[in-house]
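Visitor: Okay, here's the structure, questions in a sec.
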Amino acid sequence: MGKNMLQMFLYFGVIPVVISFITIFITADNFLFSTILPLIIGGCIAGGYASRTLLRQDENSTHSLLFLFPLAYTAVIWAIFMLISGGFYGADSWLSYGILHIAMAPIFFMTMLMGEGRLFLWAPLSYELAVVFTIFLVFLIKRVRPTFDKKQAVTLLTVFVLAMGTGAVVQWERSKTVLPSYGFEYGGGYSSTDLTPYEVTNPSNILPKLESPSTFTIKNSFEMPRLDGAEAAYPVYSAFANTVYENISQLDNVWDIVSFTNTIYSYERLLSGEVDIYFGAEPSKEQQEMAKRQGKEMVMTPIGKEAFVFFVNPDNKVDSLDVSEIQSIYSGKIKNWSELGGKNERIIAFQRPKNSGSQTLLEKIMGDTPIMEPLKEDVPEGMGGIIEQVADYRNYDNSIGFSFRFFATGMRGNSDIKLLAIDGIEPSPENIASEKYPFTANLYAITLKDNTKNTIEPFLEWMKGPQGQEIIEKIGYIRN
């Protein structure tokens, strides 16, 4: 028995630790592949040596059953921790899992750093399967028939299958509400689309120009109101700054004057005094309450019109929804497109993060109707492991999403979506201008009443005037 335990310690303790350390020094674009491949190769080599040892023993094949135990062990503890964590690989409980699989500690350490949670299962399993596969392959080649306790073998295999099945069910259930990450690649992780074409420092930017010189300019950088706002509004206030702020692209502190941190953070920066004007949709209830708690009064200046739109895949048969149907979708009451005249497919309803401009408008449409939990995604956070965040829109055949018309059709330029009519009224420029479209929304420039910077008020007046409205229209919004 002692000899068998020594073998198990060697093949499933010492050797995996050595391979784990080796994988740390392998650099490749695909971290998952570069980790699993050495484990498979190492497992095959270890299985080859183990099979030679087994073949030399009396009743050699009796001991081969021991090599199935690690497989069952891995499957069982993985299933247990999947149940504990709900399938979320960013949970703290996986640290305990790593302790119970200490031979893979170096790999699990890198797994947490790289945000590749799948390795919690596939690192040990790939090695163990490679060992077992090689042993039985050698037996087959040598024409040695294993003679082991069939009941024990069946029990181990049953435990393995049930455990893997349990973990797979947890993963399947989670996949219904949590998607693989797309991640945000732009704007320091704040933006879901490339804002470079709209940056004032970009010599090839696509910001619109006025037909005549601006009637209002600000020369000194310390007098320039600091701007921030929503992603969909960035082209607007960047164009304003490009037109009104003299030599803005040449200033050393340009990113302090024309910044982007998205709706959630820019509201906080407005209230803290870090920025002077916020551009975007109306504030959420939470943001209004935040202002009240801080004793701040927000002044909302409408500078343009926009449509809040819902969109689907072009192959979707549904072309129009009414307000009650949207409320039923986002409350979870209607779950299948067939209930709306579409295909017999589950509705995948995407939302936006809490306190974002578009989510705030959805909440306004929903009124007192509770909104269901949003779809989420597991996001690798580099040195921070894995976090959960609200999933960005994916253009699946059965998806529905929402945004502002300009962002959905202009900034992203996505031709693979279809804007839905609401109550039979399409979000056309004409219907937005006349406010016939039910979800017509204002684009605001929001300031604080107690801000004493003397250039703010004339800047706002210029935005509402002919030249400011010319910029608004050339960007793709509707004149106020």
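Here, each number is a calculation from the coordinates, and none is a lab measurement. Quick caveat, the model's predicted, so the values are computed rather than measured. Every residue, glycine as well, gets a Cβ built from its backbone with ideal geometry; the counts of neighbours run over all protein chains shown.
Visitor: Mind putting a number on the dipole of the chain about its Cα centre? Charges go on the C-beta only, +1 for Lys and Arg and -1 for Asp and Glu, and I need it in Debye to the nearest 20.
Guide: 1980 debye
Visitor: Another one. Rounded to whole Å, give me the distance from the Cα center of the range 224-254 to that of the range 275-346.
Guide: 27 Å
Visitor: Scanning the chain for helices, which whole DSSP H stretches are 30 Å or more long along the axis (Cα) and average 1.0 or more by Kyte-Doolittle?
Guide: Qualifying helices, which must be both long enough and hydrophobic enough, are 31-56, 119-141.
Visitor: If you don't mind, there's one more thing I want to ask. ILE41 to GLN294: extension gain in nm, 0.36 nm per residue of separation minus the Cα-Cα distance?
Guide: 85.0 nm
Visitor: To continue, here is another question. With the cut-off at 26 Å, tell me which of the pairs LYS305/LYS335; LYS285/LYS343; LYS292/LYS453 have Cα atoms farther apart than that.
Guide: LYS305/LYS335; LYS285/LYS343
Visitor: Under a Cβ-only charge scheme (Lys and Arg +1, Asp and Glu -1), can you give me the dipole magnitude of the range 2-175 about the Cα centre, in debye to the nearest 20?
Guide: With Lys and Arg at +1 and Asp and Glu at -1, about 620 debye.
Visitor: I've got another one for you. Only Cα pairs under 8 Å and at least 6 apart count here; give the relative contact order of the chain as a rounded whole percent.
Guide: 18 percent
Visitor: Straight distance only, please: which aspartates and glutamates reach the Cα of LYS474 with their own Cα at less than 18 Å, same-chain residues fewer than 8 apart left out?
Guide: Those aspartates and glutamates meeting the cut-off are GLU199, GLU211, GLU231, GLU306, GLU430.
Visitor: Counting DSSP beta bridges with both partners in the chain, what percentage is antiparallel, nearest 5?
Guide: Around 70 percent antiparallel, to the nearest 5.
Visitor: Which lysines, on any chain, are close to LYS150 with Cα under 22 Å apart, when same-chain ones fewer than 8 places away are left out?
Guide: Within the straight-line cut-off, LYS150 pairs with LYS142.
Visitor: Under unit Cβ charges (Lys, Arg +1; Asp, Glu -1), what dipole magnitude, rounded to 20 debye, does the range 218-275 have relative to its Cα centre?
Guide: 100 debye
Visitor: Using just the helices of the chain, give the 222 nm mean residue ellipticity in deg cm²/dmol: DSSP H runs with n ≥ 4 each add -39,500 (n - 2.57), and the total is spread over all residues, rounded to 500.
Guide: That calculation yields -13500 deg cm²/dmol at 222 nm.
Visitor: Pull up all non-local amide H partners of PHE279: gap of 5 or more, or a different chain, and H-to-H distance under 5 Å with H placed in the peptide plane.
Guide: Sorted by chain and number, the residues that satisfy this are ASP228, GLY229, ALA230, ILE446.
Visitor: May I pose another question? For THR177 and PHE109, compute 0.36 nm times the residue count separating them, minus their Cα-Cα distance, and round to one decimal in nm.
Guide: 21.8 nm
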